[in-house]
Amino acid sequence: MEPWLDPLYDAEEMRAVDRWAIEEQGVPGAELMEAAGTALAEAVAELAPQGPVRILCGKGNNGGDGEVAERRLRAMGFEVESAAVFEGAGSDLARWLDEAGVVVDAIFGTGFAGAPRGPAAEAIATINRCGAPVVACDIASGVDASTGEIAGEAVEADLTVSFHGAKVGQRVAPGKWHTGELRIAPIGIPEGAPISPVAGTIGEAVLALAPARGPRSTKFSSGQVVIAGGSRGLTGAVRMASLAAIRAGAGYATVAVPADLEPIFEAGQPEVMSVACPGGDGCLAPASLKPLLRAFERAAAGVLGPGLGRDPGAVELAREAALAIAAPLVLDADGLNAFAGDPGRLAGREAPTVLTPHAGELGRLLGRSANEVDAHRLAAARDLSEAAGAVVVLKGDDTLVVDAERTAVNVCSAPALATAGTGDVLSGAVAALIARGLDPFAAACAGVLAHARAGRDAARRVGAAESVIATDVIDSLPAGLRP
């Protein structure tokens, strides 16, 4: 686990930590449960509920945590009642919950997987309809702690009290949307468990990895980024990716673009060099391959795809160029679409590859719908990474960065990024960080975090997330990259 990743546990890893604490460190399980239930009760008490506390308990440790919370809350002077879901929670559960000032979900814990059935499914649906604030014990019932997947009904919590550490399913959508505010509660598990989670959230320390410029720095030591793409009507994508690369610290940037569109780049962006690639009518084509590859000869990193378009010639060019480019390469937009249904072809690349799809693009690569990808985001990203032998950046509010061994999750929410062109900004920033010397996984993580922070800074500067445009995000990249 990199020191700049904050651990996220899956179900098995959390079970292993519990076993280690109990069996090897001698911490009584009853003490852990008492601490968990107490933390849960304290969180409920802070809400100062206007009405009785209702606790729905399941069979396992979560139910035990709920019982401890009931006892603690009663000792604090709260009116509190619990019901055992699997022992008949009452024929009029809806009315019982409608009287609540707050509802505590202690039905399922982190070991749950699959779809709730019978009384549990009914109880979860009733919780979601009751209108009272909901506090989840460890994880919202119905959410898979290892993946964030939801197979059936899941509690929509306003606050989740997670014990010892955050879980993968609380940070990855759709489970993220059922977590509400996430609060981590220590429960007495000692430090030093010999468990190394394979997932973590991206911490700001990753931003300090990129070397700063010094007195002896030159544009060559800062690295060259080459961006290939562009077509008639889509020239802005290449311009934004190249400007983002410079803002993210690349020494210089070059765009390889259709020859008949090159004057647009020459006139519009003086900081960026351009290479005219003859071949197509307003787009790259197979005849563009040789000049394009010459442009990449001195590249420390590259981007292929922004504004490329879906002309058959451009698609053929992308499929050839991606395998021939010897530099580390970020594929985005139509550079990804060129490999729809055939991501394994990219495994033939000798240099590192970073793929930056949104759910629709990842779905096209794997032959799945965007809805299917969104329902199984972690699994889909891992499948693509394995097939392509690449680092995969699955974009979203919970952007995932996945390679063969690790998973990183962005927890810096930035609604301002939900606008056209911000993906081009991200691809340019990631390529710049690779050019500056970061390994592709670290560069992708740093780029994702800096991009999100830049989105937030841009929203602050312009006054509203809805008013942010992609070039605002580029202007905010220096703030986003600042450690």
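Since every read-out is calculated from the coordinates, none of them should be taken as a lab result. No experiment lies behind these values; they were computed from the predicted model shown. For neighbour counting, all protein chains shown are included, and Cβ atoms are generated from backbone atoms with ideal geometry for every residue, glycine included.
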Handout entry: Whichever residue in the range 172-223 is hydroxyl-bearing (Ser, Thr, Tyr) and surrounded by 12 or more Cβ atoms within 10 Å (Cβ to Cβ) and, among such residues, is nearest to Lys395 (Cα to Cα)
Key = Thr201
Practice task
Under 7 Å between Cβ atoms, at least 6 apart or on separate chains: pull out the pairs that start in the range 266-278 with a residue that is free of Cβ contacts under 8 Å to residues at least 60 places away in the same chain and end on any residue that is part of a loop (DSSP other than H, G, I, E, B) and buried (at least 19 other Cβ atoms within 10 Å of the Cβ).
Solution key: Cys277/Leu284
Handout entry: The listed residue being part of a helix (DSSP H, G or I), of a type in the set (D, E, K, R) and over 26 Å from Pro3 (Cα atoms), out of Asp424, Asp457
Key = Asp424
Problem - Residue count, the range 458-483 (criterion: surrounded by 15 or more Cβ atoms within 10 Å (Cβ to Cβ) and among the charged types (D, E, K, R)) - result: 2
Fill in the blank from the handout: Counting only residues that are farther than 20 Å from Gln170 by Cα and surrounded by 22 or more Cβ atoms within 10 Å (Cβ to Cβ), the range 90-114 contains a total of 3
Practice task
Grab the strands (runs of 3 or more DSSP E) fully contained in the range 145-261, keeping just those with 2 or more residues being out of contact with any Leu (no Cβ under 7 Å at 6 or more places or on another chain).
Solution key: 159-163, 181-185, 224-228, 252-258
Exercise for the section: Taking Thr126 as meeting all but one of (1) touching a His at 6+ places or on another chain (Cβ under 7 Å); (2) part of a helix (DSSP H, G or I); (3) not small (Gly, Ala, Ser), write down the number of the exception. Expected result: (1)
Practice task
Please find, among Gly279, Gly309, the residue that is outside any helix (DSSP H, G or I), within 34 Å of the chain's Cα centre (by Cα), crowded, with 20+ Cβ neighbours inside 10 Å and small (Gly, Ala, Ser).
Solution key: Gly309
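Rundown of residues vs (1) on the phi < 0 side of the Ramachandran plot; (2) touching a residue at least 40 places away in the same chain (Cβ under 8 Å), yes/no style:
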| site | (1), (2) |
| --- | --- |
| Pro133 | yes, yes |
| Ser141 | yes, yes |
| Ser146 | yes, yes |
| Glu149 | yes, yes |
| Glu153 | yes, no |
| Asp158 | yes, no |
| Pro174 | yes, yes |
| Gly180 | no, yes |
| Arg183 | yes, yes |
Completion exercise
When Ala464 is run through (1) of a type in the set (A, V, I, L, M, F, W, C); (2) closer than 27 Å to Val198 by Cβ; (3) without any contact (Cβ under 8 Å) to a residue 24 or more places away in the chain, the failure sits at (2)
Fill in the blank from the handout: Out of (1) under 24 Å from Gly230 (Cα atoms); (2) surrounded by 19 or more Cβ atoms within 10 Å (Cβ to Cβ); (3) among the acidic types (Asp, Glu), the one Asp383 does not meet is (1)
Problem - Residue tally, condition touching a Ser or Thr at 6+ places or on another chain (Cβ under 7 Å) and part of a loop (DSSP other than H, G, I, E, B), over the range 335-375 - result: 1
Practice task
Among the residues of the range 321-352, write down those that are under 24 Å from Met240 (Cα atoms), over 22 Å from the mean Cα position of the chain (by Cα) and charged (D, E, K, R).
Solution key: none
